[in-house]
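One structure is given here, and the rest of the page talks about it.
The values are calculated or read from the model by the stated rules, or taken from the named source; none is laboratory data. The structure presented is a predicted model; accordingly, all values stated were derived computationally and were not measured. Reconstructed Cβ throughout: ideal geometry from the backbone, glycine too, with neighbour counts over all protein chains shown.
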Amino acid sequence: MIKVQIIALGKLKEKYLENAVLEYQKRLSRYCKLEILELEPIRLPEKPSQAEIDSALLKEAEMIKKKIPQNNDVFTLCVEGKPLSSEKFAENIALSQNSGKNLTFIIGSSYGLCESVKALSKLRLSFSQMTFPHQLFRVMLLEQIYRAFKINEGSAYHK
């Protein structure tokens, strides 16, 4: 069974989002072994300078890199990433799965991800040019991963 890891900076705070995550964890248990790692983002002042942001992103990158298993296909979620249809996203998951790779998805902090983390990507992925609440995005990612497995099995869920 494929292993799917989500590395996210920050913790869920809202009960309704926690419940949604639990629901998708349950649904995904048929298709993969899911692991969600929550890392503590580096604290920044209210109006940080670019140097403070860059320093924080570097420190976060060090934490993230330590958690990525060797030989995993890495997908970074970033605004400048490539937008994909659900079908194309499912194809990417199937390609990794068929080549015996496990998956790591990385959700950065509110300031994004350090370039050194993005450089590890098999795919830089964007869900939209819009900005989404960080916590809600985790649920959106889980739903799309679930949808991808359903597409790949030929289920009617996607319709």
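Structure summary
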{"item": "Residue match in the range 59-68 (condition: of a type in the set (Gly, Ala, Ser), over 21 Å from Lys150 (Cα atoms) and not in a helix (DSSP H, G or I))", "result": "no"}
{"item": "Residues of the range 69-112 that turn out to be at pLDDT 95 or above and over 21 Å from Tyr31 (Cβ atoms), as a count", "result": "1"}
{"item": "Pairs with Cβ under 7 Å, 6+ apart, first in the range 135-155 and in contact (Cβ under 8 Å) with a residue 40 or more places away in the chain and crowded, with 18+ Cβ neighbours inside 10 Å, second assigned to a helix (DSSP H, G or I) and of a type in the set (Val, Ile, Thr)", "result": "Arg138/Val21; Val139/Val21; Leu142/Val21; Ala148/Ile93"}
{"item": "Pair list, Cβ under 6 Å, 6 or more apart: the range 16-38 residue farther than 16 Å from Ile93 by Cα, other residue in a strand (DSSP E or B) and of a type in the set (Val, Ile, Thr)", "result": "Ile36/Ile6; Leu37/Ile7"}
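For every residue, the table says whether it meets (1) touching an Asp or Glu at 6+ places or on another chain (Cβ under 8 Å); (2) of a type in the set (A, V, I, L, M); (3) on the phi < 0 side of the Ramachandran plot; (4) crowded, with 18+ Cβ neighbours inside 10 Å.
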{"site": "Tyr16", "(1), (2), (3), (4)": "no, no, yes, no"}
{"site": "Lys33", "(1), (2), (3), (4)": "no, no, yes, no"}
{"site": "Leu37", "(1), (2), (3), (4)": "no, yes, yes, no"}
{"site": "Ile42", "(1), (2), (3), (4)": "yes, yes, yes, yes"}
